[in-house]
Amino acid sequence: MKIAVVGTGKTGGKVVEILKKDQIVGPFDSTNKPTVEKLKEADAAILFVPGAAADELIDPLMDSGIPAAWGTTGYDWPVDLDHQLKEKNLKWLQASNFSLGMNIVRRCLDIIGQSSSVLDDPQFYIHEIHHKHKQDAPSGTAISWEEWLGKEAKITSERKGDIKGIHQLEVKTDTESIHLKHQAHDRKIFAQGAIWAAEQLVNGDVSPGFHDLSTIFDNVMQQ
């Protein structure tokens, strides 16, 4: 499978490292922007670009007709994007975090959130830590944790060093605490997850439209 790699930063660079040379179309960045013609050479695209770059990439990707896995956070997607993709019979997905292990955490958070009703006045705290160059805070993943938990949580952020990503939940009452933690040791996990997602878009049972990685993951787990 040939993959157009758009964005060659910390995570996009890992995608390039993992793929074989003859699998890569591009890679593309701000100095080598993808054209419709070049994108058509690929079976799918993987994009790790900042939100500011997404606007100019949406139209060329749509015109290319290939599936796309987006790792873009801090971006307001067009409200009619799902409708546009369905009209063009295209399959796209986005994820705030492509770690497949994070999708196991998502299921744990759902259980914790639902089960916490038996606790006496539980308080929920989410803390995330990332490298000092990460621009958005809180992280898209921390916001997703609150959504998956289904409870209002106090979210705090920390930026230091070259930390790949640490997310922690504390459920606290007057008499006990529950902790859940996920730590990324290597950005390779995000690249591996993005490649897995692109493969699902090409070969899996995915309907046209704009999906979240969690939906694709759950569908595969149910097969």
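Please treat every number below as a calculation from the coordinates, not as lab data. Nothing here was measured: the structure is a model prediction, and the numbers come from that model. In this analysis, Cβ positions are derived from the backbone assuming ideal geometry, glycine residues included, and neighbour counts consider all displayed protein chains.
Couple of notes before you dig in:
- Between LYS38 and ASP205, full extension at 0.36 nm per residue minus the direct alpha carbon distance yields a gain of 57.5 nm.
- The phi torsions of segment 82-91, fed into the Karplus equation with coefficients 6.51, -1.76 and 1.60 and a -60° offset, translate into couplings of 4, 5, 4, 5, 5, 5, 8, 6, 10, 10 Hz, rounded to whole numbers, with Gly and Pro shown as x.
- Amide H partners (placed H, <5 Å) of ALA153, local residues excluded: none
- Put a dot 7 Å past the Cα of MET1, heading toward its Cβ, do the same for THR31, and the two dots end up 3.0 nm apart.
- Dividing the mean sequence gap of close Cα pairs (under 8 Å, 6+ apart) by how many residues the chain holds gives a relative contact order of 22 percent.
- nm² value of the averaged projected area, convex hull over the Cα atoms of the chain: 12.9
- Within-13-Å neighbourhood charge of GLY12 [Cβ basis; K, R +1; D, E -1]: +2
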